[in-house]
Amino acid sequence: VATVPLKLVTLVAEAILEPQLLADIVRLGASGYSVGHVHGQGSRGVRASEWEGKNVRIEVIVPPDVAEAILYHIAQRYFEHYAVIAYTTDVDVIRGDKYVT
Amino acid sequence: VATVPLKLVTLVAEAILEPQLLADIVRLGASGYSVGHVHGQGSRGVRASEWEGKNVRIEVIVPPDVAEAILYHIAQRYFEHYAVIAYTTDVDVIRGDKYVT
Amino acid sequence: VATVPLKLVTLVAEAILEPQLLADIVRLGASGYSVGHVHGQGSRGVRASEWEGKNVRIEVIVPPDVAEAILYHIAQRYFEHYAVIAYTTDVDVIRGDKYVT
């Protein structure tokens, strides 16, 4: 099966941020996304205060340049005030051309 | 800890396809699976029409040849008519011998 | 964007084990975790009896040595009596320094 190497970007954030994050990633070039619900605990970042509660886990498969753009935007826009986890994983995707907009 | 390099196959598809997909992947050699629920949006594939709704996210850990067989089957059987996302990730698994049937 | 290569550890286990597993991974050095719910089927391990039911899917991002400690503990503590799936994936994380305790 022909697969295309792409990036899986995973974001975990407070549920209230879901609409804004989805609008961001589509604007930055993602052709789709999946959203699941998780709960968790972690350090909040700049203030290191603890948070716990309902989060969304957003996954999007994109080319490397779009992944880079999403991570850059997340860091710039959200990290100062929100607890957002963002990371990429290498994936091999079938029908990979569908993920390039 | 001794780990075994295996493939994590992730499928995201319309919820109605869950029973059929699970039967397929077990028949093709998977010894187990996990199913979560997500919602999302994406391009439908051949027709590029948009869909949005409740999806299942199926994960299965298998040897590379079984991953290949699952991806091939998914492409042949579902891609023409269904919105299915399918990709593999490299994972290191403990008790990896349990995933070889 | 500056990213840090870290390990994503994923555990899938019977839901009843959630509190104990979370306490374990925090004690072993994880600074946070995400928990989602899945259902699934798999071989039980030592007895190869089949189980099916509600599971938790725990994800934690940690440095390699903490990942190793978590996997070792899981193998020693749970594998004889419980159906626990445990694997690691390489991820590139932004704000990666937050995951080192």
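Quick note: the coordinates plus some simple rules give every number you see, no bench work behind them. What you see is a predicted model, and the numbers here were worked out from it, not measured in a lab. When we count neighbours, we look across all protein chains shown, and the Cβ atoms used for this are built from the backbone with ideal geometry, even at glycine.
Sort the protein assembly as shown into rounded, prolate or oblate with this rule: let a ≥ b ≥ c be the square roots of the eigenvalues of the Cα gyration tensor; rounded if a/c is under 1.5, and if a/c is not under 1.5, prolate when a/b is larger than b/c, oblate otherwise. Can you show the working numbers first?
Working: a/c = 1.63, a/b = 1.00, b/c = 1.63.
Since a/c reaches 1.5 but b/c is at least a/b, the shape of the protein assembly as shown is classed as oblate.
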Let me know the charge dipole size of the protein assembly as shown about its Cα centre in debye, to the nearest 20, where only the beta-carbon of Lys, Arg (+1) and Asp, Glu (-1) is charged.
360 debye
Magnitude of the Cβ-charge dipole of segment A:54-101, K/R +1 and D/E -1, about the Cα centre, nearest 20 debye?
280 debye
Cβ neighbours within 10 Å from other chains - mean over C:56-69
2
Counting other chain Cβ atoms within 10 Å of each Cβ in B:20-31 and taking the mean gives 1
At 222 nm, what helix-only mean residue ellipticity would chain A give, in deg cm²/dmol to the nearest 500, using -39500 (n - 2.57) for each DSSP H run of four or more?
-8000 deg cm²/dmol
Give me the distance in nm between label points sitting 7 Å out from Cα along the Cα-to-Cβ direction at residue A:65 and residue C:18, one decimal.
4.3 nm
Too-long pairs where the Cα-Cα distance tops 20 Å, listed order kept, from C:7/C:54; A:7/C:98; A:7/B:7; B:7/C:7; A:7/B:54; B:7/B:98:
C:7/C:54; A:7/C:98; A:7/B:54
Of the listed peptides B:3-10, C:20-27, what is their order by residue-averaged count of other C-beta atoms within 10 Å, with the highest listed first?
B:3-10, C:20-27
Assuming R0 = 41 Å, can you tell me the calculated FRET efficiency for the pair residue C:97 and residue B:37, based on Cβ-Cβ distance, to the nearest 0.05?
0.80
